[in-house]
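The values are calculated or read from the model by the stated rules, or taken from the named source; none is laboratory data. Keep in mind that this is a model prediction, so the values were computed, not measured. A quick note on method: Cβ atoms are made from the backbone with ideal geometry, for glycine too, and the neighbour counts reach across all protein chains shown. Just the protein is used for accessible areas: all its heavy atoms, side chains included, with ligands, DNA and RNA removed. Shrake-Rupley method; radii C 1.70, N 1.55, O 1.52, S 1.80 Å.
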Amino acid sequence: MSVRNRILILLAALAALAAVAVTSVLHASARAERRNQTQPGGPRVTSGTVTLTAPGRMVFRNMAWGPHRDELTTVPASDPAGPRTASGVKCLRFYAASGTGVCLQAVHGTVSDSYRALILDARLRTKARYDVPGIPSRARVSPTGHFAAWTAFVGGDSYAGTNFSTRAAIVDVRTGKLIPSLEAFRIVKDGRAYHAADVNFWGVTFAADDRTFYATLATKGKTYLVRGGLRTHTLTTLHTNVECPSLSPDGTRIAYKKRVPGLPKDAPWRLYVLDLRTMRETPLAESRSVDDQAVWKDSRTLVYALPGDYGADLYTVPADGTGKPRRISTAAVSPAYVNQRTGR
């Protein structure tokens with residue numbers, strides 16, 4: 001082949017690659033533009049006042065396409081599919097309790113994005129900011145509103161496989177004292193001190209005593225439920241194969257996602273509830289794979305997100321293994337029942 005023909009082939013290949021790149025950019029731009037337009041048949045969303053102390057309300061991240069996408073919005077807890085009031089505050093992950101909120105945000109840069117955690121007061125005003133070292137994943141606030149926690153991916157972006165790394169942080173919102181990583185805590189596994197370079201933590205959930213929390217520990221290819229002490233800085237393993245725990249309002253049960261053998265690698269979980277006194281597990285009626293940290297609406301009902309047409313939809317299922325799942329809201333994620341002083 002002559003040099004001239006080689007050059008022509010190279011130029012043709014470069015032109016084809018450029019055309020693909022331009023097409024991809026235009027497609028992404030068009031999709032982004034559509035996201036700013038309200039979708040037909042979607043929920044009605046209007047600007048208004050959102051607070052974290054209004055009785056009988058659910059606050060969540062609105063994912064419906066339109067000008068209020070990604071904003072914290074509120075609806076009556078009794079009418080989760082009803083018209084939404086949007087706050088103007090955008091979050092990737094959110095949670096709230098007792099008038100304190102935690103909002104995990106993306107900060108868009110010219111080259112890449114960075115992330116931060118905002119501590120919000122009852123009127124969604126920012127009280128403090130903290131850098132988050134990776135893609136936000138989970139967020140929780142203690143029942144008293146005194147502590148907030150978040151998890152971020154610092155390597156990878158999914159819990160489905162094993163090639164990821166997470167970092168879980170806890171902050172005392174009264175003093176601003178930050179525990180940037182649970183890796184600084186002492187681990188007691190099977191009654192003995194445990195040390196390993198591969199430990200990961202995620203999915204913090206708080207008890208109502210301002211001393212105790214629970215989380216997931218991963219090491220050597222296994223996951224464990226751990227009980228943490230905020231005063232002792234100790235983590236103690238309690239049960240295996242537990243991810244993204246969520247403590248019940250009375251502090252006696254943990255809802256969580258469990259890997260079940262035989263399920264697809266990219267959808268390996270089922271929802272369970274663990275009785276902390278007996279360590280008895282109860283599988284819930286949701287048969288789909290749930291990659292979420294479920295929220296206790298009350299002592300009988302769990303709320304969680306599953307993929308939907310506009311990102312995610314919210315579902316409920318009884319916490320005792322009976323009944324069946326029910327979709328309660330479309331284009332929504334990260335719910336919090338803000339009027340309740342309960343551990344979730």
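Assorted remarks:
- Estimated inter-spin distance, Asn241 and Arg288, nm [label 7 Å along Cα→Cβ]: 2.3 nm
- Two-site FRET efficiency, Asp309 against Arg192, from Cβ-Cβ distance with R₀ of 35 Å, rounded to 0.05: 0.10
- Over the chain: helical MRE at 222 nm, DSSP H runs n ≥ 4 each giving -39500 (n - 2.57), nearest 500: -3500 deg cm²/dmol
- Gain in span if fully extended, Thr175 to Arg327, counting 0.36 nm per residue against the direct Cα distance: 50.8 nm
- Net charge of neighbours whose Cβ lies under 15 Å from the Cβ of Val50, counting Lys and Arg as +1 and Asp and Glu as -1: +3
- Of the accessible area of segment 208-344, computed with a 1.4 Å probe over protein heavy atoms only, carbon and sulfur atoms account for 47 percent.
- With a cut-off of 12 Å between beta carbons, the residues surrounding Glu243 carry a summed charge of +4, where Lys and Arg count +1 and Asp and Glu -1.
- Sorting 45-53, 239-247, 289-297 by their mean Cβ neighbour count within 10 Å, with the most densely packed peptide first, gives 289-297, 239-247, 45-53.
- Fraction of accessible area attributable to carbon and sulfur, segment 45-140 (%, probe 1.4 Å): 49 percent
- Label-zone membership for segment 48-89, site Asp113, 7 angstrom Cα→C-beta point, backbone N under 20 Å: 60-73, 87-89
- Extension gain, Asp121 to Ala81, is 11.8 nm, computed as 0.36 nm per intervening residue step minus the present C-alpha separation.
- Euclidean distance of C-alpha centroids, segment 91-112 and segment 143-199, integer Å: 18 Å
- Cα gyration tensor, segment 218-344 - rounded (a/c under 1.5), prolate or oblate: oblate
- Among the cysteines of the chain, those with no neighbouring cysteine Cβ under 4.7 Å are Cys244.
- Gyration tensor verdict on segment 135-211 (Cα atoms; rounded if a/c is under 1.5, prolate if a/b is larger than b/c, oblate otherwise): oblate
- Only the Cβ atoms of Lys and Arg (+1) and of Asp and Glu (-1) were treated as charged; on that basis the dipole of segment 225-303 about its Cα centre amounts to roughly 160 debye.
- Among Pro55, Pro268, Pro249, residue whose mean-square fluctuation peaks in a GNM of the chain (springs only between Cα atoms under 10 Å): Pro55
- Taking trypsin sites (Lys or Arg not before Pro) across segment 151-230, the ones in a DSSP loop with at most 15 further Cβ atoms lying within 10 angstrom of their Cβ are Arg174, Lys177, Arg211, Lys220.
- Distance-filtered residues of segment 167-190 - backbone nitrogen under 18 Å, label point 7 angstrom along Asp210 Cα→Cβ: 170-179
- Remark: the chain carries 48 Å² of accessible area per residue (probe radius 1.4 Å; ligands, DNA and RNA excluded).
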